[in-house]
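Visitor: Encoded as structure tokens, here's the structure I'll be asking about.
The values are calculated or read from the model by the stated rules, or taken from the named source; none is laboratory data. The structure presented is a predicted model; accordingly, all values stated were derived computationally and were not measured. A quick note on method: Cβ atoms are made from the backbone with ideal geometry, for glycine too, and the neighbour counts reach across all protein chains shown.
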Amino acid sequence: MGEVLEIRNEKLSYKFWSTASLMATYYELLNTSSKWLIKKGINKKLADTYVAELFLALSQDALNKSSQGYKKLVADSQTPKGLNMQVLNELKKGKFFTKFSKALENVNKRVSK
């Protein structure tokens, strides 16, 4: 399922726990994407498989290009006025990533007590 990383510092591990709390959110992104496809007339099995394979491919691409950094991957995955840019900008406008970061901070505060 992935490489295990050993964290020997307990306080440092809390930060990793915070990002591990994204599991349900990750699956909800898949669920929402699949449900959207199904509403558009795509068979559920095909929609679920497509979405899972898409996210797997994106994760694998991020691992393969890890030396480039996420900021470059974000930039390279968009074309001016393209579809990826549109979705990213709509999410930014709705403060999705600000709320996302705030949720990580709140989890970190909770686990660090």
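Visitor: Sort through 14, 27 and tell me the only one that's within 25 Å of residue 105 (Cα to Cα) and either without any contact (Cβ under 8 Å) to a residue 40 or more places away in the chain or exposed (fewer than 14 other Cβ atoms within 10 Å of the Cβ) (or both).
Guide: Working: 14 fails: either without any contact (Cβ under 8 Å) to a residue 40 or more places away in the chain or exposed (fewer than 14 other Cβ atoms within 10 Å of the Cβ) (or both).
Matching residue, one of 14, 27: 27.
Visitor: I've got another one for you. From 35, 102, 72, grab the single residue that is of a type outside the set (Asp, Glu), at negative phi and surrounded by 12 or more Cβ atoms within 10 Å (Cβ to Cβ).
Guide: Of 35, 102, 72, the one residue that is of a type outside the set (Asp, Glu), at negative phi and surrounded by 12 or more Cβ atoms within 10 Å (Cβ to Cβ) is 35.
Visitor: Another question, then. Can you tell me how many residues in region 30-51 are small (Gly, Ala, Ser), more than 25 Å from residue 107 (Cβ to Cβ) and either in the same structural domain as residue 87 (by TED's automatic domain parsing) or in a helix (DSSP H, G or I) (or both)?
Guide: Total meeting the criteria: 2.
Visitor: So, of the residues in region 1-11 that are in a loop (DSSP other than H, G, I, E, B) and not small (Gly, Ala, Ser), which turns out to be surrounded by the fewest Cβ atoms within 10 Å (Cβ to Cβ)?
Guide: Keep residues of region 1-11 that are in a loop (DSSP other than H, G, I, E, B), which gives 1-9.
If we keep only those that are not small (Gly, Ala, Ser) as well, we get 1, 3-9.
Working: 1: 3, 3: 5, 4: 5, 5: 6, 6: 5, 7: 12, 8: 6, 9: 8.
The residue in question is 1.
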